[in-house]
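Peer 1: Right, I'll just put the structure down here and ask away after.
Each reported figure results from applying straightforward, stated rules to the coordinates on display, with no laboratory input. These figures come from a predicted structure and were not determined experimentally. When we count neighbours, we look across all protein chains shown, and the Cβ atoms used for this are built from the backbone with ideal geometry, even at glycine.
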Amino acid sequence: MMRAVLILAALTAFAASASAETITKFWNLTKNTVDGLQLAPAGSSDFGPNLCLADPDKSVDYDERLKISGLASGTYDAKLHDVAGRSCSAKSVKVEAGKVFSISEKELSGCTQ
Amino acid sequence: MPHRLAIGALMLLCATVVAAGDAEAYMAFVSNEKGNTVSVIDTDKMAVVATIPVGQRPRGITISKDRKTIFVCTSDADHIEAIDADSMKVVRTLPSGADPELFAPSPDGKYLYVANEDNALVSVLDIDQGAVANEIPVGVEPEGMGVSPDGKWLVATSETTSMAHFIDTDSFQVVDSVLVDTRPRYAEFTPDGKEVWVSSEVGGTVAVIDVATRKILKKISFAVQGVRPETIQAVGISITKDGKTAFISLGPANRVAVVDVASFEVKDYLLVGQRVWHTDLTPDGKYLLTANGESNDVSVIDVGSLKVLKSIPVGELPWGVVIR
């Protein structure tokens, strides 16, 4: 019995660890290279750090993917900055952990330069 | 006299049949990166005649040596799908290594050389065996794959390392690497095998490399009146069979540059759909078709007159095209 409990605990820990390492990918389908991407739970202003800093060249080209670790499934608002100097928002971006989510040009709003 | 008339009528009939035979209809297969489909265009009707569901994120697309099979890299599915070109159905799935993006067949039809963007490898896929026969480490984010007409050289471009790697296909070893402009995306040999042309997306140039010496002979730059220079991003390359003309896709500049191969001179810029990625010529060299990523269409260019004839709507985010 004790052995079964230990195995279960180990499996639970493994599952939690695997979940924490789930890679979600942001697919940049805006018209420019993005060098700033911050996410906040939809409707809040709790924006996290710039996720683009995790990319080898700190930016995400058009049609490129950015790997994001540990992002939970949910609906997010996004703040984007691109190399052309634009700052834009994207509302209600649906994210499924471990999958690819895209933001396209037509989803951007309130762009300022 | 009636006998002569009958012969004349027969000759006329034969001439009509021959003339009808001249008008060849080809099928263009277009990979739709976001739609997860391949659109099939009849080049005679200039319309989509079929849509084939495939795996996730289809990008690179090519044809087998016997021209019976279309291969497509389904990048997010981490494999290659084989489409029977007649039945237009996926008939086989082949391993490819992670995140296959572009590939090139060996001239003998035995291998597909596959760029694995995520793990900096070129996979050598034995088509008959359906197995990866070799893996060749290259620079970061490999993408463009060009094979010399004699099959001796494979050139892989690595986007982040900004290099064109020359791979000896006997030893499957990188024997030389040539630094090119930023983010090289595509490699295409001239039909005589003497030069390989490498496009650089961020650099906005095409490097013409002498295959024998691996020296850059010329860097071709592009300038389109009224278009911001940073939007001129060189990606796809097609060269006519006679080796005289190259067509360079310029991405978000929405243009295809027409380049004289001998002089490296840019002769014209043709306005096509939005964000043009890759192109292919019909086997008779009459038309060039371009996959336009943002406008979700394919432009048809008449090669003789250098006029854009038509835009054909296809699936979501068209990326690659190959014509049978």
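Peer 1: In the P(r) worked out for the range B:30-91, what percent of Cα pairs fall beyond 14 Å?
Peer 2: Pairs farther apart than 14 Å: 51 percent.
Peer 1: Based on the alpha carbon coordinates of the protein assembly as shown, what radius of gyration and maximum Cα-Cα distance (Dmax) apply, in Å?
Peer 2: Looking at the protein assembly as shown, its Cα Rg and Dmax stand at 24.1, 109 Å.
Peer 1: Which value, in debye to the nearest 20, gives the size of the charge dipole of chain B about its Cα centre, when Lys and Arg are +1 and Asp and Glu are -1 at the Cβ?
Peer 2: With only Lys, Arg, Asp and Glu charged at Cβ, the dipole is about 920 debye.
Peer 1: Could you list which residues have their amide H under 5 Å from that of B:GLY60, counting only those 5 or more apart in sequence or on another chain, with H placed in the peptide plane?
Peer 2: HN-HN under 5 Å from B:GLY60: B:CYS73.
Peer 1: Can you tell me the length gained on complete extension of the stretch B:ALA98 to B:SER64, counting 0.36 nm per residue apart and subtracting the Cα distance?
Peer 2: Here the answer is 10.1 nm.
Peer 1: Arrange B:LEU154, A:LEU29 by Cβ neighbour counts within 10 Å, fewest through most, would you?
Peer 2: Exposure proxy ranking, most exposed first: A:LEU29, B:LEU154.
Peer 1: How large is the Rg to Rh ratio of chain B when both quantities use alpha carbon positions and Rh follows Kirkwood?
Peer 2: For chain B, the value is 1.01.
Peer 1: For a quick check: with amide H placed at 1.01 Å from N, whose amide H comes under 5 Å from B:HIS79's, ignoring anything fewer than 5 positions away on the same chain?
Peer 2: Hits under the 5 Å cutoff: B:THR74.
Peer 1: If I histogram all Cα-Cα distances within the range B:229-303 using bins 5 Å wide from 0, what percent of pairs lands in each bin?
Peer 2: Final binned percentages: 3, 19, 30, 26, 15, 5, 1.
Peer 1: Nothing charged except the Cβ atoms of Lys and Arg (+1) and of Asp and Glu (-1): what's the magnitude of the dipole of the protein assembly as shown about its Cα centre? Round to the nearest 20 debye.
Peer 2: So the dipole magnitude of the protein assembly as shown works out to roughly 700 debye.
Peer 1: In addition: Apply the Karplus parameterisation 6.51 cos²θ - 1.76 cosθ + 1.60, with θ equal to phi minus 60°, to every residue of the range B:163-180 and state each ³J(HN,Hα) to the nearest whole Hz, in sequence, with x for glycine and proline.
Peer 2: Once rounded to whole Hz, the list reads 10, 9, 8, 8, 10, 6, 7, 7, 9, 6, 10, 6, 9, 6, 9, 10, 6, 10.
Peer 1: Kirkwood Rh, the range B:120-164, all Cα pairs: how many Å?
Peer 2: Every distinct Cα pair counted, the radius reaches 11.2 Å.
Peer 1: Using a 10 Å cut-off on Cβ to Cβ distances, tally the other chain neighbours for every residue of A:57-65 and report the average as a whole number.
Peer 2: Average per residue, whole number: 4.
Peer 1: For helix B:2-22, what angle does its Cα long axis make with the longest principal axis of chain B, in degrees from 0 to 90 and rounded to 10?
Peer 2: Orientation of helix B:2-22: about 20 degrees from the principal axis.
Peer 1: At 10 °C and 1.306 mPa s, grab the translational diffusion coefficient of the range A:23-112 from Stokes-Einstein with a Kirkwood Rh over Cα pairs, rounded to a whole number in µm² per second.
Peer 2: Taking Rh from Cα pairs, D becomes 125 µm²/s.
Peer 1: To continue, here is another question. Which lysines have a Cα lying under 18 Å from the Cα of A:LYS79, excluding residues fewer than 8 positions away in the same chain?
Peer 2: A:LYS25, A:LYS31, A:LYS58, A:LYS67, A:LYS91, A:LYS94, A:LYS106
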